[in-house]
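The values are calculated or read from the model by the stated rules, or taken from the named source; none is laboratory data. All values reported here derive from a predicted model rather than from experimental measurement. When we count neighbours, we look across all protein chains shown, and the Cβ atoms used for this are built from the backbone with ideal geometry, even at glycine.
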Amino acid sequence: MITFIRRPYDRYTRVFLTFLFLVTGLAAAPVVNVNASDQDKTRETARISVLVATGMPGGTYYRVGLGMASLWTTRLRATGIRVSAAISEGSRENIEAIRIADADLILAESAFCTMAYSGTGIYEDNPLPELRSVTALWPDVVHFLIRSEAMRSGTLADLEGVTVATGLPESGARYTTQMVLGTLKSGGKSVQLRSMSNMAAAEALRNGTVQALTVTGGIPVPLVVTLLQENPGRFSLLEIAEPSFMALRDRNVMNILRLVIPPRTYPGQVNAVKSVGFGNVLATTSSLSSQVVYQLTKTLYQNLDYLTGVHPACREIGLDRAFRDVQIPLHPGAILYFRERNVDIPEHLVPR
């Protein structure tokens, strides 16, 4: 059993991350010309501060979260909406942050959102019924990267008896890793897991402190791109073979997807690599203003080309896929936008 540890963002963290957002996020934003008249109107508009919890540097959540914050703040300047981005350990910490109102928006895997909303799985007796979805995002793909000298079969079996760097103790990545490793003959008991940040894991893999690492994210994951680009021939991606996928499905792992990393996704990757993963959701709670959520949803969908430039995984975002793998009710502000665009909304996603 995994114990939850709440680690809220304190005031210092918020200030630091807002500064980080201003320095790094807005640098990539499109320039919007605002004339003097518009500036006067903006000054008269009440400021609405929104915090989006993302992920760790080197991951897809982090990069896209910064891009979203930059986009929203730039495009919605006249409305008074200001969005800043926070570093986090990913899905599990993001859900806890939004539970205690230390975040207003989160990027999270759909499986964790479903469990949190319904109070099942790792959230048994601790439901979050006010959790609401805004839109589906992209599928997260589980990556296992191993040092080439340790690779034998090219599958998860190569991890038996080795040390693997994984996410921080209460991260969604670590939980997912343990779940996948549980399909090994040893049940994962022969694998030594070392919890560390993405950047620390990359350095440990380079210097041989660990023989493998695992990271989950929309492809291509920036950390994996860097490692394979800077270290040709030293590391290889492992395949999650059919027996492992079937074992996960037979254990009723929620929302599990069969995914493939296409050839040439990463430097030196010649063949397709079979893997597993989960859908992602942009989520909030019922307490966030419907008008704010409407504006955020509309701006996101009007600027998909910009987001795709931030990260290619955003190609997966679209009105025809807005509810893919989403199992929690939509926020009324998102419903307003989708109905405006004549998108059919599944009945189970309309709050009662």
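Restricting attention to segment 302-320, the residues that are farther than 19 Å from residue 66 by Cβ and either touching a Leu at 6+ places or on another chain (Cβ under 9 Å) or assigned to a loop (DSSP other than H, G, I, E, B) (or both) add up to 1. Considering segment 119-150, the residues that are out of contact with any Cys (no Cβ under 9 Å at 6 or more places or on another chain) and among the small types (Gly, Ala, Ser) include one that is surrounded by the fewest Cβ atoms within 10 Å (Cβ to Cβ), namely 148. Note on segment 152-180: residues that are modelled with pLDDT under 90 and either among the hydrophobic types (A, V, I, L, M, F, W, C) or surrounded by fewer than 20 Cβ atoms within 10 Å (Cβ to Cβ) (or both) amount to 4.
Residue-by-condition table, conditions (1) part of a loop (DSSP other than H, G, I, E, B); (2) more than 21 Å from residue 164 (Cα to Cα); (3) in contact with a strand residue (DSSP E or B) (Cβ under 7 Å, 6 or more places away or on another chain); (4) modelled with pLDDT of 95 or more:
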{"residue": "233", "(1), (2), (3), (4)": "yes, no, no, no"}
{"residue": "236", "(1), (2), (3), (4)": "no, no, yes, yes"}
{"residue": "244", "(1), (2), (3), (4)": "no, no, no, no"}
{"residue": "252", "(1), (2), (3), (4)": "yes, yes, no, no"}
{"residue": "259", "(1), (2), (3), (4)": "no, yes, yes, yes"}
{"residue": "264", "(1), (2), (3), (4)": "yes, yes, no, yes"}
{"residue": "267", "(1), (2), (3), (4)": "yes, yes, no, yes"}
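Quick check, is residue 183 outside any loop (DSSP other than H, G, I, E, B), in contact (Cβ under 8 Å) with a residue 24 or more places away in the chain, crowded, with 21+ Cβ neighbours inside 10 Å and not hydrophobic (A, V, I, L, M, F, W, C)? So that I can check it myself, show each step before the final result.
Details: outside any loop (DSSP other than H, G, I, E, B): no; in contact (Cβ under 8 Å) with a residue 24 or more places away in the chain: yes; crowded, with 21+ Cβ neighbours inside 10 Å: yes; not hydrophobic (A, V, I, L, M, F, W, C): yes.
Judged against the criteria, residue 183 is not a match.
For segment 186-199, residues that are in contact (Cβ under 8 Å) with a residue 24 or more places away in the chain and in a loop (DSSP other than H, G, I, E, B) total 5. Within the set 315, 324, the sole residue that is charged (D, E, K, R), surrounded by 17 or more Cβ atoms within 10 Å (Cβ to Cβ) and within 17 Å of the chain's Cα centre (by Cα) turns out to be 324.
In the set (1) surrounded by 15 or more Cβ atoms within 10 Å (Cβ to Cβ); (2) farther than 30 Å from residue 119 by Cα, the condition left unmet by residue 264 is number (1). Restricting 294, 266, 337 to residues that are touching a residue at least 40 places away in the same chain (Cβ under 8 Å), aromatic (Phe, Trp, Tyr) and in the same structural domain as residue 157 (by TED's automatic domain parsing) narrows the list to 266. If I ask for residues that are within 30 Å of residue 304 (Cα to Cα) and modelled with pLDDT under 95, which ones from segment 125-138 would you list? Correct list: empty. Criterion applied to 202, 165 was being part of a helix (DSSP H, G or I) and in the same structural domain as residue 259 (by TED's automatic domain parsing), and the one residue passing it is 202. Exactly one residue out of 229, 178 is more than 21 Å from the chain's Cα centre (by Cα), among the polar types (S, T, N, Q), part of a helix (DSSP H, G or I) and closer than 25 Å to residue 62 by Cα, and it is 229.
Can you find a residue in segment 114-123 that is assigned by TED's automatic domain parsing to the domain that holds residue 48, within 26 Å of residue 338 (Cβ to Cβ) and of a type in the set (A, V, I, L, M, F, W, C)?
Looking for residues that are assigned by TED's automatic domain parsing to the domain that holds residue 48, within 26 Å of residue 338 (Cβ to Cβ) and of a type in the set (A, V, I, L, M, F, W, C), one finds at least one in segment 114-123, hence yes.
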